[in-house]
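Each remark here refers to the structure printed beneath this line.
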Amino acid sequence: KSWDEVGHWYAKGYAQVPVGETVQSEEIRAKAAELTKDCKTEHDKIAALYTFVAQKIRYVSLPLGDGEYQPLKPAEILKNGYGDSQDKHFLLAALLDAVGVHAEPALASSTRNLTEQAPSPAQFDHLITTIPKNAEGKQIWLDSTSDVAPFEYLLPNLRGKNALVVAADGNVKIEKTPENPPFPSTEIVNVEARLSELGKLTAKVDYQLRGDNEFAFRSAFHRTPEAGWNQIGQTVALLDGLQGQVSNVHAKDPLDTSKPFE
């Protein structure tokens, strides 16, 4: 009958992973301390914990609310090394809680816009993490299911949409996810070429990307064995209108998301 009813429905499952128990878990506290030992600011800690969950905990794609599945406890997720969007949120929230940062689950849809007049959990198929506004008024949104997504980056199908943020007590609020990536989207292409006396053009092409194309490139290189990188380069060249044979394709570490992908 109301979004509050949906929130309390979800909080009932959320309560099966007690926040107090999470804080007292030795494994979670030890892992959080290990991952943040060199961090100087709270922002750095959040980024370090997000990167760990995104890249080291394998994502299993199970639709939100599918069947009677209940999320595991954070220590179990950490031990197993995999989980769905709920599991990944619970582990990330537990690690953040261990360093004094409160995070909340946000129910979202990757395929549709929220119809506010029709309260129903069936409107959601994904779960992301949000950290309430800090002293500077900045709210952080995180999707730890995308392993090579930079910190605070949401896929286009999750941006600019209303999500249902659920507090531990079941109280809810509808909030809009960011419209844009957390950094300017750029694509810098440098070409160095020479033309032989016979008219053959030989060129070196260097790409530096930030934004949605960056995520596509990172995903392609991360999921493809190095032996197949020349084929990726060939496809990219053809899409950019560069005819010819591509060879000797190199890429920076796709998992180093702190800087543009090259």
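The values are calculated or read from the model by the stated rules, or taken from the named source; none is laboratory data. Predicted, not measured: the structure shown is a model, and the values here were computed from it. So basically every Cβ, Gly included, is an ideal-geometry build from the backbone, and we count neighbours across all protein chains shown. SASA here: full protein model, heavy atoms, side chains in, ligands and nucleic acids out. Shrake-Rupley method; radii C 1.70, N 1.55, O 1.52, S 1.80 Å.
Values computed for the structure shown
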quantity	calculated
Any hit, the stretch 125-147, residues being open to solvent by 30 Å² or more (accessible area, probe 1.4 Å) and not in a loop (DSSP other than H, G, I, E, B)	no
Wholly within the stretch 6-108, helices (runs of 4 or more DSSP H) carrying at least 2 residues that are among the charged types (D, E, K, R), surrounded by fewer than 21 Cβ atoms within 10 Å (Cβ to Cβ) and at pLDDT 85 or above	26-36, 42-56, 74-80
Sole exception among (1) modelled with pLDDT under 95; (2) touching a helix residue (DSSP H, G or I) at 6+ places or on another chain (Cβ under 6 Å) for LEU209, by number	(1)
Every pair of residues 6+ apart whose Cβ atoms lie under 8 Å, when the first sits in the stretch 34-52 and is free of Cβ contacts under 8 Å to residues at least 12 places away in the same chain while the second is among the basic types (Lys, Arg) and crowded, with 19+ Cβ neighbours inside 10 Å	CYS39/LYS45
From the options LYS204, LYS259, residue that is assigned to a loop (DSSP other than H, G, I, E, B) and of a type in the set (Lys, Arg)	LYS259
Evaluation of ALA193 against (1) closer than 21 Å to ILE140 by Cα; (2) open to solvent by 50 Å² or more (accessible area, probe 1.4 Å); (3) among the hydrophobic types (A, V, I, L, M, F, W, C) (one fails), failing number	(1)
Cβ pairs under 6 Å, 6+ apart, first in the stretch 110-139 and touching a residue at least 24 places away in the same chain (Cβ under 8 Å), second part of a loop (DSSP other than H, G, I, E, B) and among the aliphatic types (A, V, I, L, M)	PHE124/LEU64; ASP125/LEU64; HIS126/LEU64; LEU127/LEU64; THR129/ALA103; ILE131/ALA103
Residues of the stretch 196-227 that turn out to be free of Cβ contacts under 8 Å to residues at least 40 places away in the same chain and either open to solvent by 90 Å² or more (accessible area, probe 1.4 Å) or charged (D, E, K, R) (or both), as a count	8
Subset of the stretch 177-188 that is within 18 Å of PHE151 (Cα to Cα) and not β-branched (Val, Ile, Thr) - its residue that is least open to solvent (accessible area, probe 1.4 Å)	PRO181
Residue match in the stretch 151-165 (condition: at pLDDT below 95, in a loop (DSSP other than H, G, I, E, B), open to solvent by less than 20 Å² (accessible area, probe 1.4 Å) and closer than 30 Å to VAL205 by Cα)	no
